[in-house]
């Protein structure tokens, strides 16, 4: 798995890519290190077609840890398959999800929670 | 926790001590049985009373041949338990089984077979049937492999539904069949996730408990027959033949192909609980998928045949289940196995109760003799983790043991009341000599459950096994030709009546009578004391085209056709109103049987019986009219209910019992009336113009409520003045 970061406005956009349905697993520590404390981050899955079950769990943990440290996180670029799996196991409702980076940035920038922490 | 993915190695027992087959290992922990993720490794534990040697067989996900086989060192055995912790496994991509060596002496019951790899009976997930009806690999030597699982789940504070058992209305459904039909209009048809999408429907209907037909892993291909009419392969669709007692059926999960069936099932339970709906599992502990001597060796047979199965003196299988073998439920080892399984489902999956298939087998000793105090039933009754679970017995078996009313209950168990079903059906079709017994069943079967209370009685008219309600009023005889057994399978004792034509009919009179009979059945069921159970789809007249043993059909015959909801809206509306009526009248849900006295000081006895004349019931065999009045103190004052059921083909004039004080009779339901006058919303029932006489239609039901007239509106009085 590869991670790439950039900043759009006040939001850290973390793009993930690589095979996450083979033996590779999402590195939660690495992702968490890139999320600014009490800041805003987008996790961009545009180049990830699927996460194995362990990676999904780690994603959920990352999300919870980020929330606990006052960060605002949203997911974008979910493939149909990934969205379908998240929906079926009930994980989708845990996340703020946007269709693309621009929408996600706007969502985080304009959300009341984001305003409160800004 | 600061970071999510640490491997904690701060225990001195989290390091290997030996190497087996190239893998670092150490003697494992005997409990819990099964495979458990521990820091850095996986703990494998298995019991066999007579095995000589054991090895762990490891496969890479989906590969036919194992990549490693690790014999358990002698240092890994304590008594009959073999336990070994293996380090360095890529547990996301490993499947496993066991090879067990021991004596092969079938005449004394030992059937060890080291040529086979066995499934772990404690496996929490099984592969092999990950996607429903995907054809199995031909000649796969080990088709049902165990998977390693995570036990974590974000329950978001979920707790089991803690409601009084008497308030339950059970709705029995098949997970796949409920949303598999194209008309179901869900995102994931035929799955746990699909069922989540139907929760609003369940809420709208008014049920508060789903009883899921078997969801323990089974093999849908466990059926060799072919539909002689269509030529299609028949299936093991219902799933009453368990492979994995700790594993949810992967083929019922939209995410089964990704190994996430456990999460998907947990999410279903969580969402049902969020809607106030309890979850009861239909569990099958009377037999397993291994069948008789000619069946496959999957787990118990090759692991400890003598312990797990009831065997004759010459090592043959007793067959009290009618399926080839009988689980040896009261053997201490098997008893612990079943207990730990149910504890697991109650704690790990938050389920609220269990319905035990052919539960009379749970009462049999090792030689099949019924026990007065069966240890398993006693253990389940007093188990601390199961304390709040509802336990329901199908209190009979295929060996002729019929225990309705006599199942050892320890004040904990309820029973499918087969006698309720039978008499209600016979009354509805107009059989003579049924009024007296119907009266007893209507008030919670005190003859059967005097000391246990009315909640011991699970009342039902239909269930998965037998005719649907629509078929009960459309067929005189079963039509099971498509099951491939020349219509010999399925019961011949249906007490059904086709209302004048066998099968589908365009005759308006026949159709009208069938609809009325279905309303009659539902109204009787939902006003009876005891816990009612509805078979899913009966509320919209689902048909199985006369098939009363549809266990083998994965198709429209069994799937819930959601277009019926529009087509049969009148019946749906009626059933929904009856459920709301039940919710409004606590006396219908009371555990206490009525005694015929005015216990609540409401001016009338808690139960009284009537005929065409008030206070004059007719218990003669040729009478087909029953009227009952129930009175108690309700939440808003005195609560009086009068129910008359006329199974005669002629109408009858009834004189009504007089109500005390300012109470007046209001009509809740009259199944002889055309919709929408057939039923009212509870609380909005119209007052009867004639408070003394009423006519009940032929083959009809009438339900009245007695309540005080509303207080005069002072504003209206002023305007009159």
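Values computed for the structure shown
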item	result
Residues of the range B:467-477 satisfying the condition of being crowded, with 24+ Cβ neighbours inside 10 Å and either more than 17 Å from residue B:416 (Cα to Cα) or touching a strand residue (DSSP E or B) at 6+ places or on another chain (Cβ under 9 Å) (or both)	B:468, B:469, B:470, B:471, B:472, B:473, B:474, B:475
Subset of the range B:432-451 (residues that are in a loop (DSSP other than H, G, I, E, B) and buried (at least 16 other Cβ atoms within 10 Å of the Cβ))	B:434, B:443, B:444, B:445
Output for the range A:72-96, where each listed residue is assigned to a loop (DSSP other than H, G, I, E, B) and either within 9 Å of chain B (Cβ to nearest Cβ) or in contact with a helix residue (DSSP H, G or I) (Cβ under 8 Å, 6 or more places away or on another chain) (or both)	A:77, A:78, A:89, A:90, A:91, A:95, A:96
Test: residue A:74 is surrounded by 14 or more Cβ atoms within 10 Å (Cβ to Cβ), in contact (Cβ under 8 Å) with a residue 12 or more places away in the chain and closer than 13 Å to residue A:15 by Cα	yes
Yes/no for residue B:60 being touching a residue at least 60 places away in the same chain (Cβ under 8 Å), surrounded by fewer than 17 Cβ atoms within 10 Å (Cβ to Cβ), within 29 Å of residue B:137 (Cα to Cα) and over 35 Å from the mean Cα position of the chain (by Cα)	no
Residue match in the range A:32-50 (condition: modelled with pLDDT under 85, within 15 Å of residue A:5 (Cα to Cα) and in a helix (DSSP H, G or I))	yes
Residue match in the range B:518-530 (condition: within 29 Å of residue B:232 (Cα to Cα) and touching a helix residue (DSSP H, G or I) at 6+ places or on another chain (Cβ under 8 Å))	no
Those residues of the range B:270-299 which are buried (at least 24 other Cβ atoms within 10 Å of the Cβ) and in a helix (DSSP H, G or I), in sequence order	B:272
Residue in the range B:134-148 that is within 14 Å of chain A (Cβ to nearest Cβ), crowded, with 21+ Cβ neighbours inside 10 Å and either in contact (Cβ under 8 Å) with a residue 60 or more places away in the chain or under 30 Å from residue B:58 (Cβ atoms) (or both) present	yes
Residue that is farthest from residue B:94 (Cα to Cα) [pool: residues in the range A:43-52 that are surrounded by fewer than 19 Cβ atoms within 10 Å (Cβ to Cβ) and within 14 Å of chain B (Cβ to nearest Cβ)]	A:49
Qualifying positions in the range B:214-260 - part of a loop (DSSP other than H, G, I, E, B) and within 14 Å of chain A (Cβ to nearest Cβ)	B:253, B:254, B:255, B:259, B:260
Qualifying residues in the range A:97-110 (those that are closer than 21 Å to residue A:49 by Cβ and in contact (Cβ under 8 Å) with a residue 24 or more places away in the chain) - the one nearest to the other protein chains (Cβ to nearest Cβ)	A:98
Lone unmet requirement of (1) facing another protein chain (nearest Cβ under 8 Å); (2) over 17 Å from residue B:187 (Cβ atoms); (3) buried (at least 21 other Cβ atoms within 10 Å of the Cβ) for residue A:65	(3)
Output for the range B:1-26, where each listed residue is buried (at least 18 other Cβ atoms within 10 Å of the Cβ) and at pLDDT 80 or above	B:20, B:23, B:25, B:26
Residues of the range A:7-42 satisfying the condition of being within 14 Å of residue A:77 (Cβ to Cβ) and within 14 Å of another protein chain (Cβ to nearest Cβ)	A:20
Positions within the range B:363-385 being surrounded by 15 or more Cβ atoms within 10 Å (Cβ to Cβ) and outside any helix (DSSP H, G or I), in sequence order	B:364, B:365, B:366, B:368, B:370, B:371, B:374, B:383
Qualifying positions in the range B:687-702 - outside any strand (DSSP E or B) and either modelled with pLDDT under 95 or closer than 14 Å to residue B:519 by Cα (or both)	B:697, B:698, B:699
Test: residue in the range B:203-211 that is on the phi < 0 side of the Ramachandran plot and within 14 Å of another protein chain (Cβ to nearest Cβ)	no
Residue A:56 within 12 Å of another protein chain (Cβ to nearest Cβ), within 17 Å of residue B:260 (Cα to Cα) and touching a residue at least 24 places away in the same chain (Cβ under 8 Å)	yes
Of residues in the range B:175-189 being out of contact with any strand residue (DSSP E or B) (no Cβ under 8 Å at 6 or more places or on another chain) and buried (at least 24 other Cβ atoms within 10 Å of the Cβ), the one nearest to the other protein chains (Cβ to nearest Cβ)	B:179
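The values are calculated or read from the model by the stated rules, or taken from the named source; none is laboratory data. This is a predicted model, so every value here is computed, not measured. Note that each Cβ is placed from the backbone with ideal geometry, even for glycine, and that neighbours are counted across all protein chains shown.
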